[in-house]
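Novice: Following this message is one structure expressed as structure tokens.
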Amino acid sequence: YLSAGTPLCTVGDSQRREAVLVVDQRDIEFVRTGASVRCQFDATGTRLWHGRVIESTAMRDADAPPEVAAAGQLALEAAPDGTRRPAADYFLVRVAIDDEASLLPIGALGQGRIDSGGQSLAARGLRFLSETFRMQSRER
């Protein structure tokens, strides 16, 4: 017999962790596989964790991470069937954590920043203007 608290098995590699970032559809064009990522998790204070993008996929309503929605970090709206679903289109971006991942608690919430490379001032201005006018047209 095993006493309480004795591990029976480990599923997965305990030395590796992955983070899942929720990225707005408007920003997904800047995400590239292999891009560098910096993450900061609530459970680890101000420590920065480094990683790289493994893949990105469109998020279906059922894929919305419940922990993120419960923490109020994902805007939700009521669906016709009475359930709550994401208020916008999002993508899930998987990130492999490169640092000593065994110190990172499983299920930790936080924020991440993906290095998307440089962007010209003109491109930034055009994006800002297109988002501004798109928002105004939605409010009508």
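Novice: Taking segment 61-79 only, how many residues are within 23 Å of Arg17 (Cα to Cα), in a loop (DSSP other than H, G, I, E, B) and over 11 Å from the mean Cα position of the chain (by Cα)? Reasoning before the result, please.
Specialist: As a first pass, look at segment 61-79 and keep what is within 23 Å of Arg17 (Cα to Cα): 62-71, 73-74.
Now narrow it down to the ones that are in a loop (DSSP other than H, G, I, E, B): 64-65, 71, 73-74.
Going one step further and asking which of them are over 11 Å from the mean Cα position of the chain (by Cα), we end up with 71.
Residues meeting the conditions: 1.
Novice: Checking the structure you have, find out if any residue of segment 87-95 is closer than 26 Å to Glu131 by Cα and in contact with a Leu (Cβ under 7 Å, 6 or more places away or on another chain).
Specialist: Among the residues of segment 87-95, at least one is closer than 26 Å to Glu131 by Cα and in contact with a Leu (Cβ under 7 Å, 6 or more places away or on another chain), which makes the answer yes.
Novice: Ok, one more. Quick check, is Arg85 over 26 Å from Val11 (Cα atoms), open to solvent by 70 Å² or more (accessible area, probe 1.4 Å), modelled with pLDDT under 85 and under 17 Å from the mean Cα position of the chain (by Cα)?
Specialist: yes
Novice: Restricting segment 45-70 to residues that are in contact (Cβ under 8 Å) with a residue 40 or more places away in the chain and in contact with an Asp or Glu (Cβ under 8 Å, 6 or more places away or on another chain), which is most open to solvent (accessible area, probe 1.4 Å)?
Specialist: Residue satisfying both the conditions and the ranking: Arg52.
Novice: Looking only at segment 1-26, count every residue that is polar (S, T, N, Q) and either free of Cβ contacts under 8 Å to residues at least 24 places away in the same chain or surrounded by 12 or more Cβ atoms within 10 Å (Cβ to Cβ) (or both) and tell me the total. Show your work before the answer.
Specialist: First, the residues of segment 1-26 that are polar (S, T, N, Q): 3, 6, 10, 14-15, 25.
Pick out the ones that are also either free of Cβ contacts under 8 Å to residues at least 24 places away in the same chain or surrounded by 12 or more Cβ atoms within 10 Å (Cβ to Cβ) (or both) and you get 3, 6, 10, 25.
Counting residues in segment 1-26 that are polar (S, T, N, Q) and either free of Cβ contacts under 8 Å to residues at least 24 places away in the same chain or surrounded by 12 or more Cβ atoms within 10 Å (Cβ to Cβ) (or both) gives 4.
Novice: I would also like to ask the following. Go through segment 101-140 and report how many residues are surrounded by 10 or more Cβ atoms within 10 Å (Cβ to Cβ), among the aliphatic types (A, V, I, L, M) and modelled with pLDDT under 85.
Specialist: 6
Novice: Does Glu29 qualify as being of a type in the set (Asp, Glu), open to solvent by 50 Å² or more (accessible area, probe 1.4 Å), closer than 30 Å to Gln119 by Cα and touching a strand residue (DSSP E or B) at 6+ places or on another chain (Cβ under 9 Å)?
Specialist: On the way: of a type in the set (Asp, Glu): yes; open to solvent by 50 Å² or more (accessible area, probe 1.4 Å): yes; closer than 30 Å to Gln119 by Cα: yes; touching a strand residue (DSSP E or B) at 6+ places or on another chain (Cβ under 9 Å): no.
Criteria not met by Glu29.
The values are calculated or read from the model by the stated rules, or taken from the named source; none is laboratory data. None of the values given here were measured: they were computed from a predicted structure. Every residue, glycine among them, receives a Cβ derived from its backbone with ideal geometry; neighbour counts consider all protein chains shown. With ligands, DNA and RNA removed, areas are computed over all heavy atoms of the protein, side chains included. Shrake-Rupley method; radii C 1.70, N 1.55, O 1.52, S 1.80 Å.
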